Protein chains: 2
Amino acid sequence: MSNQELVVLGQDGPDGCCPGLLTAPLPQDQAVELAKVFKALGDPVRLRLLSMIASRAGGEVCVCDLTPAFGLSQPTISHHLKLLKQAGLIASERRGTWVYYRLLPATTDRLAGILTRPADEPLPEPTGTPS
Amino acid sequence: MSNQELVVLGQDGPDGCCPGLLTAPLPQDQAVELAKVFKALGDPVRLRLLSMIASRAGGEVCVCDLTPAFGLSQPTISHHLKLLKQAGLIASERRGTWVYYRLLPATTDRLAGILTRPADEPLPEPTGTPS
């Protein structure tokens, strides 16, 4: 019923940013938080819902437009959406009869960053060479 | 007992690459495959194991060096490692008494790519402004 359940990723990292899954052993507390987000993504229906929300041109999708794509009841779809919301992946807003969902790109950006390998190979040309 | 269980992500994508979670509604078959990998990451112990393996300087970790970091039995650790391996996130090799694990960066690279937003917003200052 609130937005207070959002998982904040990586705020406790050594540099205030990302835990860096591939760069250092992940502390237990960060692993617990991060696992919740990956677990939310670990379901085909939720992945499809997230992709439908994220790829919508207007940036927002009515739940009434999401449900027909699945052979599932609206309560089931709403439950999956709630898990995505609790993981901080989407936000919602009720307007009139319907609830509208949008991507929270900060979370997917963080996951992408966490999964990106550090450029720890020696960088041959860090500033670039004109030609 | 084999490496044949690797999940191959995104090979069926329209361009032969990544399914693009944020760019288009994800087809059901790709959602099923991708969910397996995220589900493998949806556990704190597996995330810590993956980070320990990925961040090891030599690129390889003996299971005998992983187990002591957890208050868990070696069979339990081996089970978690098996799930990471089945998801295509790590590979293993037995040498003598012990099994050694290493990251398969192609899978984490793909996940990072899938979670990266396309650069479709107009870029205001793509080259930066000196001041």
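With unit charges on the beta carbons (Lys and Arg positive, Asp and Glu negative) and the dipole taken about the Cα centre of region B:28-113, which residue among B:Ala54, B:Pro68, B:Ala87 sits farthest to the positive side? Towards the positive end, the residue furthest out is B:Pro68. Distances between equivalent label points of B:Ala69 across the copies, with each point positioned 7 Å along Cα→Cβ, amount to 3.7 nm, shortest listed first.
The calculated FRET efficiency for the pair A:Val99 and B:Arg102, based on their C-beta separation and a Förster distance of 45 Å, comes to about 0.50. Taking every alpha carbon pair in region B:28-113, what does the distance histogram look like in 10 angstrom bins from 0, in percent? Values per bin, smallest distances first: 17, 53, 24, 5, 0.
Once the partner protein chains are put back, region A:95-111 shows a loss of at least 30 square angstrom of accessible area, versus the chain by itself, at A:Thr108, A:Asp109 (probe 1.4 Å, ligands and nucleic acids excluded). Starting from the label point of B:Arg95 at 7 Å along Cα→Cβ, the same points in the other copies fall at 6.0 nm, in ascending order. In this label model, A:Gln74 and A:Ala91 are separated by 2.4 nm, measuring between points 7 Å along each Cα→Cβ vector. Each other copy places its own label point for B:Val32 at 3.5 nm from this one, sorted shortest first, where the point lies 7 Å along the Cα-to-beta carbon line. For chains A and B, what's the summed buried accessible area, probe 1.4 Å, to the nearest 100 square angstrom? Heavy-atom accessible area buried at this interface is about 2700 Å².
Computed with a 1.4 Å probe over protein heavy atoms only, the accessible surface of region A:33-119 comes to 42 Å² per residue.
The values are calculated or read from the model by the stated rules, or taken from the named source; none is laboratory data. These figures come from a predicted structure and were not determined experimentally. Because the Cβ atoms are built from the backbone with ideal geometry, glycine has one as well, and the counts that use them run over all protein chains shown. These accessible areas exclude ligands, DNA and RNA; they are computed on the full protein's heavy atoms, side chains included. Shrake-Rupley method; radii C 1.70, N 1.55, O 1.52, S 1.80 Å.
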